[in-house]
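What follows is a set of notes on a single structure, which appears directly below.
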Amino acid sequence: MSLTPSQKQRAADLWRTAVRGLFHNRCFVCGRTEPANPSQLTMFHCHHVEPKKMGGNPHIAYKLENGCLLCRSHHEQAHGPDGKLWLDQLIEDRFPEWFSLILNLRRVKPHPYTQECLELDVEKLKAVTNGE
């Protein structure tokens, strides 16, 4: 059974809320604070450390440890040449335990992302975001 677009959107919204909260609305790289003006929120991006598209594993897309908050310029850098290597090195240097979790995610074998998988991820994200 494939997931509906609304189910995927709900999980993505919860994941973004959780990532923003985890990083206290600050860019992981430079520490810049996200503006209070909601119209400017697009200046900051919730970035999947392990991609969810282009060969990525959809089973880990909404895992909290697979996200970080980046300002626009650092998000562009993360998607630029050697961006993955650059971000990996930053994470490994600053938070070796987090990097270890990411390495474990990379070992997850791709398999069908079912309704049950999504529900488990959503429940975990709700716990982190107080159900927002």
Handout entry: Selected residue [more than 18 Å from Gln7 (Cβ to Cβ), out of contact with any Leu (no Cβ under 9 Å at 6 or more places or on another chain) and at pLDDT below 90] from Pro112, Pro35, Pro51
Key = Pro51
Practice task
Can you confirm whether segment 94-106 contains a residue that is touching a helix residue (DSSP H, G or I) at 6+ places or on another chain (Cβ under 6 Å) and free of Cβ contacts under 8 Å to residues at least 12 places away in the same chain?
Solution key: yes
Fill in the blank from the handout: Taking segment 54-102 and keeping only residues that are exposed (fewer than 15 other Cβ atoms within 10 Å of the Cβ), among the aromatic types (Phe, Trp, Tyr) and modelled with pLDDT under 90, one is left with none
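The values are calculated or read from the model by the stated rules, or taken from the named source; none is laboratory data. The structure presented is a predicted model; accordingly, all values stated were derived computationally and were not measured. Note that we place each Cβ from the backbone using ideal geometry, even for glycine, and neighbour counts take in every protein chain shown.
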